[in-house]
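A.B. asks: Quick one: structure below, then a few questions.
Read-outs throughout are calculated quantities, based only on the coordinates presented, and are distinct from any laboratory measurement. What you are looking at is a predicted structure, and each value in this text was computed from that prediction instead of being measured. Glycine gets a Cβ as well: all are built from the backbone with ideal geometry, and neighbour counts include every protein chain shown.
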Amino acid sequence: MDSEPHASPAFFVLGSQRGSHHDAEFSTVEDRERADAKRCPECGGVIGMRTWLPPYRVELRLLGATPGDFLQSHGAGADLIVSQRLADAFRAAGLVGLKGFDPVEVVRVRGKRGTSKDADVAMPRYFAVTTTFGSALVDEARSHILRPGPFDCDYCRAVGTDGINGFTLEPGSWNGDDVFEPRGLPGVRVVSERFARFVTEHGLTHMTLTPTERYVWDPLGRFSPASGE
Ligand SMILES: [Zn+2]
C-alpha cells in the first residue's frame, strides 16, 4: 500500500460567475486614500494593489436579478465583498484564509444601463474581506506560466505573468488555508477542496471554481490558436 501515490489535494481558482442570475459588481465610493499594498516579508517588494480603507462604501452594479454572495470590484476585481450568509457560514465551518469581514454600506444600486434601481431588490448585508498571501507555492516545472523574467525573490516570486495555461501548487508547500493567493501568482485567488464543497453545500452564488490545472488567463493569445475565441 505504501507504494501507492497519495492523491494530491485539488485546488481551484475562484472567480465570478459572469452572466448569471446573480451577476453584480461594485465600485468603491471614496477612494482617495488607500493603504500601502501588501509587501513580501522577505524582499519587501509589493505583492498586490493598494489596500481599501474604511469607510467601506460601495455602489453596486446589478447585472442579474439579485446580487450574489461573492462580488468583486469593477475592473481588475482587486477588492472583494461577501454576503452575510457566506461570512457566517465560512466562520461556522471553521474555514481560514479570508480576513477582515468589515461591514460594507451599499449607498447606491445601478442597473445594467447605469439607471438607478428601486429598493425592491433583496439586498444582503455585505462584508469587505481580503485573502491571505503565501499559503502555498506554485510549482513552476509543472505549470504553464509565461514569465517576463527570472525571480528576484524566491519567497514571493512576484515577477508577474503574461499568461497562464494551467498551474499546479508544489506538493507539501500548502499550509492548509482555504482561500489564498499563492507564492508565484499574487492576485490569483485559489481555494481548497474543502472550500469548494462548502460552496456547493451552502448553495452560494456568483462563484466559479476552476481546477488550477485547467485555469487559463491568456490576454496576449499565446496559448490559443488564432481563432475568433
Ligand atoms: Zn519577495
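A.B. asks: Could you calculate the FRET efficiency of Arg125 with Cys153 from 1/(1 + (r/R0)^6), where r is the beta carbon distance between them and R0 is 41 Å, rounded to 0.05?
C.D. replies: The formula returns an efficiency of 0.55 here.
A.B. asks: Hey, could you get me the Stokes-Einstein D for the chain, Kirkwood radius over alpha-carbon pairs, 37 °C and 0.692 mPa s, rounded to whole µm² s⁻¹?
C.D. replies: It diffuses with D of about 174 µm²/s by this estimate.
A.B. asks: What is the Rg over Rh value, at two decimals, for segment 36-115, using alpha-carbon atoms and the Kirkwood definition of Rh?
C.D. replies: Rounded to two decimals, Rg/Rh equals 1.02.
A.B. asks: Using a Förster distance of 22 angstrom, determine the FRET efficiency expected from the C-beta separation of Arg91 and Arg32, and round it to 0.05.
C.D. replies: Computed FRET efficiency for Arg91 and Arg32 comes out at 0.10.
A.B. asks: Segment 9-34 to segment 178-227: how many Å between their Cα centroids?
C.D. replies: 12
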